[in-house]
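Report on the structure given below.
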Amino acid sequence: MSSQSSLVQIKLPAPFEVTRRLLIIVGLLLSLSLLSQLVKNGTGHDQVFGIIPLLYVDYEANLPTWYSSIALLTASLVLLLIALSKRSQADRFTLHWFFMAGLFCLLSLDEVATIHECAIEPMRRLIDARGVLHYAWVIPGGIFVLVIGALMSRFLFSLPTRTRNLYLLAGGVFVGGAIGVEMISAFHAFSHGEKNLLYALIITFEEAMEMLGVIIFIHASLEYLCEHVRSMEFSLPERSEPTT
């Protein structure tokens, strides 16, 4: 019997072109979300044929959620490509790249499954969380960020300066939105509730920071990947054919 293998070539997209398109998508989503809230507050209608729940960034299972999950999964796939190329080079930080790919895959899953929100009620009961801690998941979330930062510090400072700085910027923007602005929105929700235009504006700013952080991260990862390989080839085995 004889077998053959075929090569699958992956051509890498230009980082700036990907970033430009993602920024356009994010700008459109945020604008539509804000418009939906202006309509909601102006008319007093919560649904408008289901359009408002479909567009508002603070709701789940809608267009902004779908985009955020896909963006995080895209970051995970880029990291996976880097990890595979590093494995072929026997790089000492290969496992770190694989770990980051898995982490972003979990973040993508959490975006649609809202796993982190399961910690809100238990933490509220545990510490009687109020004010800025009204959305109490930020406590374990902040601890998680600190632990990951400590574990990945050596890896981070092994990266080229530009990549490291962009990763730090991306992380700062994302965490600043996901935890920092989240605490502001929590304080407002605790004091004034969630059904008002100011809350919607705070939430929109929060989501904008998270989305921008992911875009910066994708850009940095693509740049790093493009500096190491222009394209990637994988050998896929074909079915064996009987010989006579």
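In the stretch 207-222, the residues that are over 13 Å from ARG162 (Cβ atoms) and open to solvent by 20 Å² or more (accessible area, probe 1.4 Å) form Cβ pairs under 8 Å with partners that are of a type in the set (S, T, N, Q) and assigned to a helix (DSSP H, G or I), at six or more places apart or across chains, as follows: GLU207/SER33; GLU207/SER68; GLU210/SER68.
Residues that are in contact with an Asp or Glu (Cβ under 9 Å, 6 or more places away or on another chain) and either touching a residue at least 40 places away in the same chain (Cβ under 8 Å) or polar (S, T, N, Q) (or both) within the stretch 154-179 comprise PRO160, ARG162, THR163, LEU166, VAL173, PHE174, listed in sequence order.
Does VAL181 meet the test of being open to solvent by 60 Å² or more (accessible area, probe 1.4 Å) and β-branched (Val, Ile, Thr)? Spelling it out, it is not the case that VAL181 is open to solvent by 60 Å² or more (accessible area, probe 1.4 Å) and β-branched (Val, Ile, Thr).
Taking the conditions exactly as written (farther than 30 Å from MET152 by Cα and over 21 Å from the mean Cα position of the chain (by Cα)), does GLY44 satisfy them or not? In short, yes. ARG162 fulfils the conditions (1) at pLDDT 95 or above; (2) not in a helix (DSSP H, G or I) except for a single criterion, (2).
Applying the criterion of being in a loop (DSSP other than H, G, I, E, B) and not aliphatic (A, V, I, L, M) to the residues of the stretch 81-106, the residue that is least open to solvent (accessible area, probe 1.4 Å) is PHE93. Condition test on VAL132, is it within 30 Å of PHE16 (Cβ to Cβ) and touching a residue at least 12 places away in the same chain (Cβ under 8 Å)? Against the criterion (within 30 Å of PHE16 (Cβ to Cβ) and touching a residue at least 12 places away in the same chain (Cβ under 8 Å)), VAL132 does not qualify. Does LEU109 fit the bill of being more than 22 Å from LEU73 (Cβ to Cβ) and surrounded by fewer than 18 Cβ atoms within 10 Å (Cβ to Cβ)? In short, no. Condition test on SER36, is it touching an Asp or Glu at 6+ places or on another chain (Cβ under 9 Å), within 19 Å of ILE203 (Cβ to Cβ) and not charged (D, E, K, R)? Criteria not met by SER36. Checking each residue in the stretch 117-142 for being over 15 Å from GLU182 (Cα atoms) and either open to solvent by less than 60 Å² (accessible area, probe 1.4 Å) or in a helix (DSSP H, G or I) (or both) picks out CYS118, GLU121, PRO122, MET123, ARG124, ARG125, LEU126, ILE127. Of the residues making up the stretch 51-80, those that are in contact (Cβ under 8 Å) with a residue 60 or more places away in the chain and open to solvent by less than 20 Å² (accessible area, probe 1.4 Å) are TYR56, VAL57, PRO64, TYR67, SER68, ALA71, LEU72, ALA75, VAL78, LEU79. Residues that are among the polar types (S, T, N, Q) and closer than 20 Å to MET152 by Cβ within the stretch 162-207 comprise THR163, ASN165, listed in sequence order. For the stretch 29-50, the candidate set comprises residues that are open to solvent by 80 Å² or more (accessible area, probe 1.4 Å) and either assigned to a helix (DSSP H, G or I) or touching a helix residue (DSSP H, G or I) at 6+ places or on another chain (Cβ under 8 Å) (or both); within that set, the residue that is nearest to ALA208 (Cα to Cα) is LEU35. Looking only at residues in the stretch 192-201 that are in contact (Cβ under 8 Å) with a residue 12 or more places away in the chain and either under 13 Å from HIS134 (Cβ atoms) or more than 24 Å from the chain's Cα centre (by Cα) (or both), the one that is surrounded by the most Cβ atoms within 10 Å (Cβ to Cβ) is TYR199.
The values are calculated or read from the model by the stated rules, or taken from the named source; none is laboratory data. Predicted, not measured: the structure shown is a model, and the values here were computed from it. Don't worry about glycine lacking a Cβ; one is built from the backbone with ideal geometry, like all the others, and counts go over all protein chains shown. Note: accessible area is taken over every heavy atom of the protein model, side chains too, but ligands, DNA and RNA are not part of it. Shrake-Rupley method; radii C 1.70, N 1.55, O 1.52, S 1.80 Å.
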